[in-house]
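The values are calculated or read from the model by the stated rules, or taken from the named source; none is laboratory data. In this text, all values refer to a predicted model and were calculated from it rather than measured experimentally. Note: ideal-geometry Cβ built from the backbone for every residue, glycine included; neighbour counts use all protein chains shown.
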Amino acid sequence: MPAASATRQGRRDPADKHGQRRDQLAESALTTLGELGYARTSLREIAQNSEFSHGVVHYYFANKVELIVYCVRHYKARCVTRYDAIVEESTTAEGLADAFADKLVETLTDEAPMHRLWYDLRTQSMFEPELREAVLEIDDTLEQMVWRVVSRYAELAGGELAYDPGTTYAVLDGIFEKALLGHIVGDETALSTIHQRARTLMPTLLA
């Protein structure tokens, strides 16, 4: 019995293996998607720029929409936790605001192609119904991410927030998207501007 049990434990669940391979494909595809965007990317294009064949890619994903939605969900699942350490470790409102602004600059610098892909996909969802459920789901998790940050800021500042989660998210998201566009087109002030705007905005979110 113990030997048989150990053998069973040593075998990987087929579902786990399938999920792991899909994650590997998503990681590989994200680079191509970030460079080419939604409209110019096909399963064949992704396969040509990865170590996987077109047949393998098509085996794990029925079409481009399924793959891209999976990729963005895979990336955003990591993205939405990037500010949690700031929320947990900050002990003053000023310190949290500084750390938050610094992190915005960092992610804008290091992961611009991924953010560009996200905004591309969100825009495409206005025209392609099959994208909408995933986009709305991801957008909701990003709203919750922002709300955790500003709620902690209000707590440390000893105040109350002036706006609801949706409004707060829309304001910060607008600032981020504008900075992303500036950064992509080569505006050398984009990074310093978003840092300043984020820092200036935080106190105004309080009632």
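Results, tabulated for the structure shown:
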{"read-out": "Trp118 vs. criteria assigned to a helix (DSSP H, G or I), touching a helix residue (DSSP H, G or I) at 6+ places or on another chain (Cβ under 8 Å) and within 15 Å of Tyr38 (Cβ to Cβ)", "value": "yes"}
{"read-out": "Residue match in region 55-64 (condition: among the polar types (S, T, N, Q) and in a helix (DSSP H, G or I))", "value": "no"}
{"read-out": "Residue list for region 93-129, restricted to those being more than 16 Å from the chain's Cα centre (by Cα), surrounded by fewer than 12 Cβ atoms within 10 Å (Cβ to Cβ) and either touching a residue at least 24 places away in the same chain (Cβ under 8 Å) or not assigned by TED's automatic domain parsing to the domain that holds Leu201 (or both)", "value": "none"}
{"read-out": "Any pair with Cβ under 8 angstrom, 6 or more apart, that starts in region 186-201 at a residue that is in the same structural domain as Ala97 (by TED's automatic domain parsing) and modelled with pLDDT under 95 and ends at one that is assigned to a loop (DSSP other than H, G, I, E, B) and not aliphatic (A, V, I, L, M)", "value": "none"}
{"read-out": "Unmet requirement for Glu45, which otherwise passes all of (1) part of a helix (DSSP H, G or I); (2) within 30 Å of Gly158 (Cα to Cα)", "value": "(2)"}
